[in-house]
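The values are calculated or read from the model by the stated rules, or taken from the named source; none is laboratory data. Computed from a prediction, not measured in an experiment: that's the story for all the values here. Methodologically, a virtual Cβ is constructed for each residue, glycine included, from the backbone with ideal geometry; neighbour enumeration extends over all protein chains shown. We work out accessible area using only protein heavy atoms, side chains counted, and drop any ligands, DNA or RNA first. Shrake-Rupley method; radii C 1.70, N 1.55, O 1.52, S 1.80 Å.
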Amino acid sequence: MSHKQAGGPPGESAADWCLYQLNGAAELEVSEADIISTVEFNHTGELLATGDKGGRVVIFQREPESKNEPYNQGEYNVYSTFQSHEPEFDYLKSLEIEEKINKIKWLPQQNAAHSLLSTNDKTIKLWKITERDKRPEGYNLKDEEGKLKDLSTVTSLQVPVLKPMDLMVEVTPRRIFANGHTYHVNSISVNSDCETYMSADDLRINLWHLAITDRSFNIVDIKPANMEDLTEVITASEFHPHHCNLFVYSSSKGSLRLCDMRASALCDKHSKLYEEPEDPSNRSFFSEIISSVSDVKFSHSGRYMLTRDYLTVKVWDLNMETKPVETYQVHDYLRSKLCSLYENDCIFDKFECAWNGSDSVIMTGAYNNFFRMFDRNTKRDVTLEASRESSKPRAILKPRRVCVGGKRRKDDISVDSLDFTKKILHTAWHPTENIIAIAATNNLYIFQDKVNSEMH
């Protein structure tokens with residue numbers, strides 16, 4: 001592996017990644033509520049939203065470049081923080097409903113305001129984010145404090161004027177989409193028609209209109225008549241980026257189903273089934289658990305799908321159902337450790353995956369605060385680390401290596417000393433630039449390639 005790393009823009013084979021920003025406190029004891037549970041850039045990359053286990057959403061905004069320091073690229077600063085969900089209790093089932101934010105999805109911007117969807121296990125909310133930097137003054141019927149004047153004291157009429165004031169960011173809940181799911185919501189996806197979105201739980205997928213909260217259409221239902229016959233669950237789903245009639249959902253058995261809403265109202269019969277036959281030589285007690293797909297993402301072009309299971313990321317061509325066109329090993333050194341990972345429940349961790357803006361590089365997380373990048377053109381791959389200790393601001397990240405027994409090189413880390421409590425589950429890639437956001441427990445790391453930061 002050369003010092004040049006995977007992750008360069010189209011035409012360039014590589015990028016040198018450096019830490020650009022680190023948000024979050026360096027605490028020894030991290031509060032459960034502060035753990036980041038989702039990360040999402042908006043369509044321009046100017047805004048970045050995170051959700052946490054405490055039900056909060058934090059929005060970061062990229063500062064415009066300053067004229068005094070043209071080389072200092074705009075940083076992501078906190079733009080707004082709000083409580084999206086509160087803990088609830090389902091009295092019928094005697095179940096607590098966590099406030100944890102499972103997913104955030106931005107809506108394409110239609111006007112000066114921004115909109116996003118956030119969901120916990122049960123309830124999806126549509127939020128509107130607006131700015132106010134002027135306030136009206138000089139009312140005829142109200143005084144400065146907003147109280148109504150005595151009409152007998154009003155002797156002349158004046159025209160109210162707008163005066164500048166400090167910028168205020170207002171976040172308001174526009175819609176609440178409740179009662180659509182019996183099971184836990186694992187994904188939401190906004191349709192390219194910008195009017196509808198879908199939400200998926202373990203057994204059903206619902207289609208909603210963004211303006212209608214009291215009803216949704218059930219488009220997939222895999223619940224068997226007898227729950228004892230249940231063999232698989234839905235793990236993730238996403239709309240095609242360009243064709244509003246197509247969507248995909250993944251299953252705990254490692255398969256993908258592409259559905260076409262033009263074919264029928266209920267899409268239980270898929271149009272295409274993507275499944276890789278299992279290698280009998282690799283068959284083990286853990287085969288089904290590790291083949292469960294934890295995330296699926298369409299490429300920006302809409303030609304490919306990226307999936308993540310426990311040990312690999314795979315790229316599927318929409319036109320080829322029999323096997324993936326590319327398979328990358330994320331941490332194959334864990335194959336011999338599956339028994340202990342099963343005992344400590346890590347084998348059920350759900351890692352996400354992401355494409356870069358040109359679909360040439362893919363990224364996904366691993367343990368020990370490591371994350372992986374795979375360059376599809378050069379076939380180079382790299383392991384990088386998101387940690388306070390090893391990341392000096394603006395310093396190029398050194399590739400990390402995990403060794404399995406045998407000789408150890410300097411700086412190599414032994415597979416037995418990996419910290420499985422430090423895991424990178426949630427990642428996001430800026431839609432057009434080489435900027436990535438990595439959630440590591442309660443910290444948000446923003447990395448940028450060296451070339452990108454020097455060009456600005």
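Yes/no per residue for (1) closer than 30 Å to Ser80 by Cα; (2) open to solvent by 90 Å² or more (accessible area, probe 1.4 Å):
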site	(1), (2)
Asn140	no, no
Leu151	no, yes
Thr155	no, yes
Val169	yes, no
Every residue from region 338-351 that is surrounded by fewer than 21 Cβ atoms within 10 Å (Cβ to Cβ) and either of a type outside the set (Ser, Thr, Tyr) or not in a helix (DSSP H, G or I) (or both): Leu338, Cys339, Leu341, Glu343, Asn344, Asp345, Cys346, Ile347, Phe348, Asp349, Lys350
Tally, over region 195-218, of residues that are open to solvent by less than 50 Å² (accessible area, probe 1.4 Å), assigned to a loop (DSSP other than H, G, I, E, B) and within 23 Å of Asp295 (Cα to Cα): 2
Hits in region 228-238 - residues which are among the acidic types (Asp, Glu) and open to solvent by 80 Å² or more (accessible area, probe 1.4 Å): Glu228, Asp229
Qualifying positions in region 239-285 - among the aromatic types (Phe, Trp, Tyr) and either surrounded by 16 or more Cβ atoms within 10 Å (Cβ to Cβ) or under 12 Å from Ile219 (Cα atoms) (or both): Phe239, Phe247, Tyr249, Tyr274
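Matching residues to (1) of a type outside the set (Ser, Thr, Tyr); (2) more than 30 Å from Ser216 (Cβ to Cβ); (3) in contact with a helix residue (DSSP H, G or I) (Cβ under 9 Å, 6 or more places away or on another chain); (4) in contact (Cβ under 8 Å) with a residue 60 or more places away in the chain:
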position: Lys122; (1), (2), (3), (4): yes, no, no, yes
position: Leu126; (1), (2), (3), (4): yes, no, no, yes
position: Lys134; (1), (2), (3), (4): yes, yes, no, no
position: Thr155; (1), (2), (3), (4): no, yes, no, no
position: Val159; (1), (2), (3), (4): yes, yes, no, no
Single unsatisfied condition, Lys323 versus (1) assigned to a loop (DSSP other than H, G, I, E, B); (2) open to solvent by less than 70 Å² (accessible area, probe 1.4 Å); (3) not acidic (Asp, Glu): (2)
Condition met for Met305 (aliphatic (A, V, I, L, M), open to solvent by 20 Å² or more (accessible area, probe 1.4 Å) and either touching a residue at least 60 places away in the same chain (Cβ under 8 Å) or out of contact with any Pro (no Cβ under 8 Å at 6 or more places or on another chain) (or both)): no
Pair list, Cβ < 7 Å and 6+ apart or interchain, from region 341-366 residues that are in contact (Cβ under 8 Å) with a residue 24 or more places away in the chain and farther than 25 Å from Gly302 by Cβ to residues that are basic (Lys, Arg) and open to solvent by 30 Å² or more (accessible area, probe 1.4 Å): Asp349/Lys423
Members of region 275-319 that are among the hydrophobic types (A, V, I, L, M, F, W, C) and under 19 Å from Met373 (Cα atoms): Val293, Val296, Phe298, Met305, Leu306, Leu311, Val313, Val315, Trp316
Residue match in region 172-179 (condition: among the small types (Gly, Ala, Ser) and not in a strand (DSSP E or B)): yes
Tally of residues being within 16 Å of Gly254 (Cβ to Cβ) and either hydroxyl-bearing (Ser, Thr, Tyr) or in a loop (DSSP other than H, G, I, E, B) (or both) across region 297-319: 5
Members of region 375-429 found to be open to solvent by 60 Å² or more (accessible area, probe 1.4 Å), in contact (Cβ under 8 Å) with a residue 60 or more places away in the chain and not in a loop (DSSP other than H, G, I, E, B), listed by number: Pro393, Ile396
Residue check for Tyr328: open to solvent by 10 Å² or more (accessible area, probe 1.4 Å), in a strand (DSSP E or B) and either at pLDDT 95 or above or not polar (S, T, N, Q) (or both): yes
Region 33-48 residues that are among the hydrophobic types (A, V, I, L, M, F, W, C), paired with ones that are surrounded by fewer than 17 Cβ atoms within 10 Å (Cβ to Cβ) and at pLDDT 95 or above (beta carbon under 9 Å, 6 or more apart): Phe41/Pro431
